[in-house]
Amino acid sequence: DELISMTRHIEAAALSSDCVVLSTVQDVANFGRQTRRHYRAMARRCGFVGVLGMNVTSVPDSEVTGIRLADLRPDDPMNKNWQVLAMSPTISLGMLATELPTGTSADPTRRLFRYKLLSRSTDVEVAVRSLLNYF
């Protein structure tokens with residue numbers, strides 16, 4: 001819940017600025033209709049909106065208008081990451097999260113992540129450049 005809240009905060013900030021927005025969603029299953037709709041709205045306002053994840057290019061073009069998609073290979077270590085980055089001349093925000101191995105939690109149905117928030121423009125820029133290499 002905490003990561004979703006931080007994600008929504010970064011996405012809302014991106015809507016108020018002409019940003020580059022990049023996200024990793026791990027798998028297409030995490031890129032549902034509501035998220036796609038939200039990202040289409042960002043794509044109408046932002047200079048570049050990109051989403052990475054396994055099988056994300058399988059989403060019909062009509063549902064991802066304006067969004068650049070890039071598939072991750074099943075063996076890519078990025079598949080363990082949940083990242084949301086927004087960068088513009090006036091805003092630099094990011095959340096980098098890595099899923100912890102199964103069995104880390106006492107509740108086996110609960111997914112746990114280690115995360116870091118970014119707000120320094122140089123840190124966000126490094127992360128954005130890294131993800132842009134996938135496109």
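Name the residue that is nearest to Glu11 (Cα to Cα), counting only residues in region 88-107 that are open to solvent by 40 Å² or more (accessible area, probe 1.4 Å) and modelled with pLDDT of 95 or more.
As a first pass, look at region 88-107 and keep what is open to solvent by 40 Å² or more (accessible area, probe 1.4 Å): 89-90, 96, 98-104, 106-107.
Filter once more, keeping what is modelled with pLDDT of 95 or more: 96, 98.
Numbers: Leu96: 14, Thr98: 19 Å.
For region 88-107, the residue satisfying everything is Leu96.
Run down Arg111, Arg73 and say which single residue is of a type outside the set (Phe, Trp, Tyr), in contact with an Asp or Glu (Cβ under 8 Å, 6 or more places away or on another chain) and part of a loop (DSSP other than H, G, I, E, B).
Numbers: Arg73 fails: in contact with an Asp or Glu (Cβ under 8 Å, 6 or more places away or on another chain).
On inspection, the qualifying residue turns out to be Arg111.
If you take the residues in region 65-113 that are over 22 Å from Gly50 (Cα atoms) and charged (D, E, K, R), which one is nearest to the chain's Cα centre (by Cα)?
Arg111
Taking region 114-135 as the search range and keeping residues that are among the small types (Gly, Ala, Ser) and part of a helix (DSSP H, G or I), which one is least open to solvent (accessible area, probe 1.4 Å)? Outline the logic, then answer.
Quick first cut of region 114-135, residues among the small types (Gly, Ala, Ser) only: 119, 121, 127, 130.
Those still in the list that are part of a helix (DSSP H, G or I) too: 121, 127, 130.
Numbers: Ser121: 69, Ala127: 16, Ser130: 56 Å².
Only one residue fits best here, namely Ala127.
For region 5-27, state whether one or more residues are closer than 19 Å to Tyr134 by Cβ, free of Cβ contacts under 8 Å to residues at least 60 places away in the same chain and of a type outside the set (Ser, Thr, Tyr).
For region 5-27, residues closer than 19 Å to Tyr134 by Cβ, free of Cβ contacts under 8 Å to residues at least 60 places away in the same chain and of a type outside the set (Ser, Thr, Tyr): present.
Mind telling me which of the residues Arg45, Arg110, Arg68, Arg33 ends up being in contact with a helix residue (DSSP H, G or I) (Cβ under 9 Å, 6 or more places away or on another chain), open to solvent by 30 Å² or more (accessible area, probe 1.4 Å) and over 23 Å from Tyr134 (Cβ atoms)? Steps first, please.
On the way: Arg45 fails: over 23 Å from Tyr134 (Cβ atoms); Arg110 fails: in contact with a helix residue (DSSP H, G or I) (Cβ under 9 Å, 6 or more places away or on another chain); Arg68 fails: over 23 Å from Tyr134 (Cβ atoms).
It is Arg33.
Does Leu15 fit the bill of being on the phi < 0 side of the Ramachandran plot and within 12 Å of the chain's Cα centre (by Cα)?
Values: on the phi < 0 side of the Ramachandran plot: yes; within 12 Å of the chain's Cα centre (by Cα): no.
The answer is no for Leu15.
The values are calculated or read from the model by the stated rules, or taken from the named source; none is laboratory data. Predicted, not measured: the structure shown is a model, and the values here were computed from it. In this analysis, Cβ positions are derived from the backbone assuming ideal geometry, glycine residues included, and neighbour counts consider all displayed protein chains. Accessible surface areas use protein heavy atoms only, side chains included; no ligands, DNA or RNA. Shrake-Rupley method; radii C 1.70, N 1.55, O 1.52, S 1.80 Å.
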